[in-house]
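Everything below concerns the one structure shown next.
The values are calculated or read from the model by the stated rules, or taken from the named source; none is laboratory data. For clarity, every value in this text was computed on a predicted model and none was experimentally measured. As a convention, Cβ positions derive from the backbone with ideal geometry for all residues, glycine included, and neighbour counts pool all protein chains shown. Side chains included, ligands, DNA and RNA excluded: accessible areas come from the protein's heavy atoms. Shrake-Rupley method; radii C 1.70, N 1.55, O 1.52, S 1.80 Å.
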Amino acid sequence: MNTTIQINNEYNSLDKLLIFLSKYSDYTCSKEYDIWEIRTDANGQMEQCLVLKKSGMHAVKLYFTNENTVKVNYIIPNKMMHAYFGKSVKARQNIIEIIAGVIKQALLAAPQKKAFEELTQVVQKAA
């Protein structure tokens, strides 16, 4: 699940957006390196993103695609839970992995969508 949101000029950096989200939301917000999608900048350094956490299982990752546009992606912030419940990126999967993935997605789809919508509404306050 992902979406893009146009935000005001006054929140056009990660630090300014972090201050806004920390002040106006009840959720935990932190600035972290993007370990979910290994994005790098022009110098080859890992880029940073904001993580707005609802719980250990539900969060959104925010990063700027251009000056005033923020991309919002659903993530599982806990690294252990992400390894177990996250989407598999293996090129080939056996039948058990495929079936387990379908079952996990069926069980987690509704709570993930609800959490994503709640967290996206918080980010839209900066628009």
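Sites listed here are chymotrypsin sites (Phe, Trp or Tyr not before Pro) in region 1-76 whose DSSP assignment is loop and whose Cβ has at most 14 other Cβ atoms within 10 Å, and the list is empty.
Surface listing: Cys29, Cys49 arranged by accessible area from highest to lowest gives Cys29, Cys49, probe 1.4 Å. For the chain, the residue among Tyr63, Ile96, Thr40 whose Cα projects farthest onto the positive side of the dipole built from Cβ charges is Ile96.
Calculated accessible area for the chain comes out at 63 Å² per residue, all protein chains present (probe 1.4 Å; ligands, DNA, RNA ignored). Extending 7 Å from Cα along the Cβ direction at Asp15 and again at Asn78 yields two label points whose distance is 3.3 nm.
Rounded to the nearest whole Hz, the Karplus-based 3J(HN,Hα) values (6.51 cos²θ - 1.76 cosθ + 1.60, θ = phi - 60°) of region 49-65 follow the sequence 8, 9, 10, 9, 9, 8, 7, x, 10, 10, 6, 10, 10, 10, 8, 7, 8, with x at glycine and proline.
Considering the chain, its Cα convex hull presents a mean projected area of 8.4 nm². With the simple spin-label model, which puts each label point 7 Å out from Cα in the Cβ direction, the Lys71 to Gln121 separation comes to 2.6 nm.
Between Ile98 and Asn2, the contour length at 0.36 nm per residue exceeds the Cα-Cα span by 32.3 nm.
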